[in-house]
Structures are given as structure tokens and as C-alpha cells.
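Accompanying notes for the structure given below.
The values are calculated or read from the model by the stated rules, or taken from the named source; none is laboratory data. Here the structure is a predicted model, which is why all the values come from computation and not from measurement. Cβ: placed from backbone, ideal geometry, glycine included. Neighbour counts: every protein chain shown.
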């Protein structure tokens, strides 16, 4: 059901339909520890803590458990709060928090040591949350859902950052931040992979990035006032601020990245579009450069 490498790459944790977690030598395939027993239904998701000393698991039994990697013993009582299958679990970069996604359409944040709820449930998705991931600094959580959208949340308040990312045409099964936090990648049942530019969605998210990453930021004062909102209608028209912009045959919609997506990969190949200089409607005036300034 789920596998995860340890941070040092020497071990693999696996979650299984037999309700257990196994620990394996990544080079030989030998069993190192386990099976870890405690769940009462399928284990859907497993992940290591940053130091490799703990493993978190989520299950169809609606619970989350944290295990000692070396002994296989549960460190705490099961985390309870979700009212449906737990589909995804992940440690924060500092190992203090655990984020979980569930078929109850919500995300929760837990104290990794006590199981206490730190924040949540985060509500916004209209179908199962299939995947969750922390930003590199731990201040934001990205979630993918069977409602075909991706959302970004403030880890501690649960506030939605920007608008949902819309572009996939079927369930989103996997999401993750890039190591520098400036992109989000998503994989979907629509048979595509999309890469989303976090610099487009909200200045609050950009402000959380380390100073060393300022090269990836853009001036948000005039950029993308309408681009983020442009949509594909069923009749093939692309609209912005409710005004028709241009027409694209509907069969090509799945192959065209929707901002803030900048790259789409499918069986037909890949397409990358840089929206950073795109202006729509009245915003075209910001593209003008006086000849005297050249």
C-alpha cells in the first residue's frame, strides 16, 4: 500500500494490506524489524521522521500510529480524530509535527510525540484528501484531493493560502513541494504530472521562503491579477474576469497548463509555459516599455 526510504537511504518501511508495517534492508532486502502490529485494517501510508528514529503510519482503521524504528513498538497511543480512512501521513521537517489527510475530506496536524491535535481539521476539499506534504520550512502544507484540486494551507492556523490549484481533470493522487519550496508537483489519475509555481499564488507563501531564495520571487503588485482566475469553460473558451479571451478546442485542455501550473507532463509529451510576463485585459499596459528607457 505504501513504501518509504529512511533519510539515510539504508532502510525501507512498508505498509501493507495485512495491517502491518515492515522494515527492510534497502540493499539486501532482508527483514530488519517487524512486522509492527497495532492497526486493525489496511495500512495506507508510512513515512520516516527526519532523523529516521520513528515511523508514522496511517490506516483504514481511521487512526495514526508512531513507531520506534528500532524496536517496532508504538511510541504513543493511536492518534484518533479522523472519521474516515487516513490516506496520507508525513512528518514535518523538524520532526515535531505530523500532518494527515483523510477520506473525511480534511487535513489535521498533530503533535508527533503526544498525539495531541495541534491544528485542524482543515476544511476546504470536497472529496477525499489523498496526499499531504510539508513545505521545506514546515510553515505550509500542500494537499491533493479526489476533487481534482491542490490546496496550500498555513500549518498552524489552517488558513487556505491563495486559491485552489485547478488544472487536473481527475483525482490528484500525490503532491509534494520542491526542496527549495518554490514549486509544487502533482500526479493525477488524469495520467498527467503538473508543476505549479508557488510564487504566483500568494505573497504570504513567498514571504516564508529563506532570503537565499529571493531570486525566485516576483513583484506581486501588478503580476497575475487575472491570470490566476482564468478558466476553461466547457464550450472551449478561456475566460478571465468573466470576459472571453480566446478559444481552445476542449480536447486540448488537458494538455495546457492552468496557472499557476507551468509544466504539464503526459503520455503525449510535456509542455512548459512561462506565465510570468503574461498580462490580460487592462494589465497589458504594464508590458509597455518606453523607447527612451531602452
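Key figures for this structure:
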quantity: Residue check for residue 101: touching a residue at least 24 places away in the same chain (Cβ under 8 Å), within 16 Å of the chain's Cα centre (by Cα) and either within 23 Å of residue 149 (Cβ to Cβ) or outside any loop (DSSP other than H, G, I, E, B) (or both); calculated: yes
quantity: Residues (over 14 Å from residue 113 (Cβ atoms) and surrounded by fewer than 23 Cβ atoms within 10 Å (Cβ to Cβ)) located in the range 51-68; calculated: 52, 60, 61, 62, 63
quantity: Any hit, the range 34-41, residues being surrounded by fewer than 19 Cβ atoms within 10 Å (Cβ to Cβ), at pLDDT below 95, at positive phi and not in a loop (DSSP other than H, G, I, E, B); calculated: yes
quantity: Enumeration of residues in the range 120-168 that are surrounded by fewer than 17 Cβ atoms within 10 Å (Cβ to Cβ), assigned to a strand (DSSP E or B) and touching a helix residue (DSSP H, G or I) at 6+ places or on another chain (Cβ under 9 Å); calculated: none
quantity: Index of the failed condition, residue 171 passing every other in (1) buried (at least 21 other Cβ atoms within 10 Å of the Cβ); (2) modelled with pLDDT of 85 or more; calculated: (1)
